[in-house]
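Participant: There's a structure below that I have some questions on.
The values are calculated or read from the model by the stated rules, or taken from the named source; none is laboratory data. Keep in mind the model is a prediction, meaning the values are calculated, not measured. Positions of Cβ are backbone-derived with ideal geometry, glycine not excepted, and every protein chain shown enters the neighbour counts.
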């Protein structure tokens, strides 16, 4: 007797940022799957799939916006429910990896929170992870199964090309730790040079700018970083560049965390144009004329399609997005 089986691809979204999940589904010519998610009176989260997932390739998309911990728990429950309903493979799509800045012990008696989140995904039943611009590459080592670490770099380079009118461009890292990222941008922007901001961090989310290393006078400077949280670093860097004679200042950051008072700082900053992606939703108060959102939906959708078809993800992007 011959038995023929055919798996289906299904995409489900948590409540963190369903607009992104819908956009991903649109790129794939699909609709989001039907899932019931609500809270009980005591605040506990309830999840139930309203359609059959048995034997299927299930993708659980969740953006971990505030309240971060609730959205983490919601995704874990969705993964667990899919596993218990006999999904063949479960891929957790985590556009902005939560707790990524807590990837090692800096002081005694601290947790490694990024590793704990990885363990929670594994325990829940995830078989694969898709994320964008990990804060540190070593996060991939927290998993014993594939983590597709996509990069928004090609999208951001295209944005930079559209927003500068000359070849006199300097790619600037807002701190010494981001120099490697700045190098990747600089290699892809024809005729550009590099600089970085020397700074010291005096407390959590507080950084003091010390100076600019590199020639920026009369140049179009492009600040690049993986995230904007309170915006103190990037706004301070922009001021330092202006003081050194920069003609224009652009900024690119993948993850718009935008904790208070980020939006107020960006609005008052000396940055001319800012590009962020939609790994997280933009707060209403940050819908400024100078802020542009570049969608990651096309690259995430292409990655999900390659995973479903068991094709190479790195070849999909010619190794530029890995």
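Participant: For residue 170, state whether it is at pLDDT 85 or above, within 23 Å of residue 138 (Cα to Cα) and not assigned by TED's automatic domain parsing to the domain that holds residue 302. Let's see the steps before the verdict.
Facilitator: On the way: at pLDDT 85 or above: yes; within 23 Å of residue 138 (Cα to Cα): no; not assigned by TED's automatic domain parsing to the domain that holds residue 302: yes.
Answer is no for this residue.
Participant: Over 22 Å from residue 30 (Cβ atoms), surrounded by 21 or more Cβ atoms within 10 Å (Cβ to Cβ) and not assigned by TED's automatic domain parsing to the domain that holds residue 93, is that true of residue 267?
Facilitator: no
Participant: Mind listing whichever residues of the stretch 253-300 are assigned to a helix (DSSP H, G or I) and over 21 Å from residue 71 (Cβ atoms)?
Facilitator: Filtering the stretch 253-300 down to residues assigned to a helix (DSSP H, G or I) leaves 262-268, 284-286, 297-300.
Once the filter is applied, which keeps residues that are assigned to a helix (DSSP H, G or I) and over 21 Å from residue 71 (Cβ atoms), the stretch 253-300 yields 264, 265, 266, 267, 268, 298, 299.
Participant: Let me confirm something: among 224, 212, which residue is in a strand (DSSP E or B), buried (at least 17 other Cβ atoms within 10 Å of the Cβ) and at pLDDT 95 or above?
Facilitator: Matching residue, one of 224, 212: 224.
Participant: Check the stretch 271-280 and report whether any residue there is out of contact with any strand residue (DSSP E or B) (no Cβ under 6 Å at 6 or more places or on another chain) and in contact (Cβ under 8 Å) with a residue 24 or more places away in the chain.
Facilitator: No; the residues of the stretch 271-280 include none that is out of contact with any strand residue (DSSP E or B) (no Cβ under 6 Å at 6 or more places or on another chain) and in contact (Cβ under 8 Å) with a residue 24 or more places away in the chain.
Participant: Separate question: Test residue 56 against the criterion of being within 19 Å of residue 125 (Cα to Cα) and more than 23 Å from the chain's Cα centre (by Cα), and give yes or no.
Facilitator: yes
Participant: Another question, if that's okay. What do you reckon, is residue 244 at pLDDT below 95 and either crowded, with 18+ Cβ neighbours inside 10 Å or more than 22 Å from residue 22 (Cα to Cα) (or both)?
Facilitator: Yes; evaluated as a whole, the condition is true for this residue.
Participant: Further question on the same structure: Output the residue which, of all residues in the stretch 12-36 that are more than 19 Å from the chain's Cα centre (by Cα) and touching a residue at least 60 places away in the same chain (Cβ under 8 Å), is surrounded by the fewest Cβ atoms within 10 Å (Cβ to Cβ).
Facilitator: So, considering only residues that are more than 19 Å from the chain's Cα centre (by Cα) and touching a residue at least 60 places away in the same chain (Cβ under 8 Å), the one surrounded by the fewest Cβ atoms within 10 Å (Cβ to Cβ) is 26.
Participant: Moving on to the next point. If a residue has to be under 16 Å from residue 159 (Cα atoms) and surrounded by fewer than 19 Cβ atoms within 10 Å (Cβ to Cβ) to count, how many in the stretch 169-188 make the cut?
Facilitator: 3
Participant: Same structure again: If residue 161 satisfies all but one of (1) closer than 20 Å to residue 235 by Cβ; (2) outside any strand (DSSP E or B); (3) in contact (Cβ under 8 Å) with a residue 12 or more places away in the chain, what's the number of the condition it fails?
Facilitator: (1)
Participant: Just give me the residues in the stretch 4-17 being at pLDDT 95 or above and in contact with a strand residue (DSSP E or B) (Cβ under 8 Å, 6 or more places away or on another chain), in sequence order.
Facilitator: Step one: of the stretch 4-17, the residues at pLDDT 95 or above are 9-17.
Hits for the stretch 4-17 are 9, 10, 11, 12, 13, 14, 15.
Participant: Select from the stretch 151-163 the residues that are surrounded by fewer than 18 Cβ atoms within 10 Å (Cβ to Cβ) and more than 17 Å from the chain's Cα centre (by Cα) and list them in ascending order.
Facilitator: The answer is 158, 161, 162, 163.
Participant: Still on this structure: Quick check on the stretch 28-66: of everything there that is in a loop (DSSP other than H, G, I, E, B) and in contact with a helix residue (DSSP H, G or I) (Cβ under 7 Å, 6 or more places away or on another chain), which residue is nearest to residue 77 (Cα to Cα)?
Facilitator: By that ranking, first place goes to 62.
Participant: If you don't mind, there's one more thing I want to ask. Could you check how many residues of the stretch 103-126 are assigned to a loop (DSSP other than H, G, I, E, B), within 20 Å of the chain's Cα centre (by Cα) and closer than 17 Å to residue 80 by Cα?
Facilitator: 1
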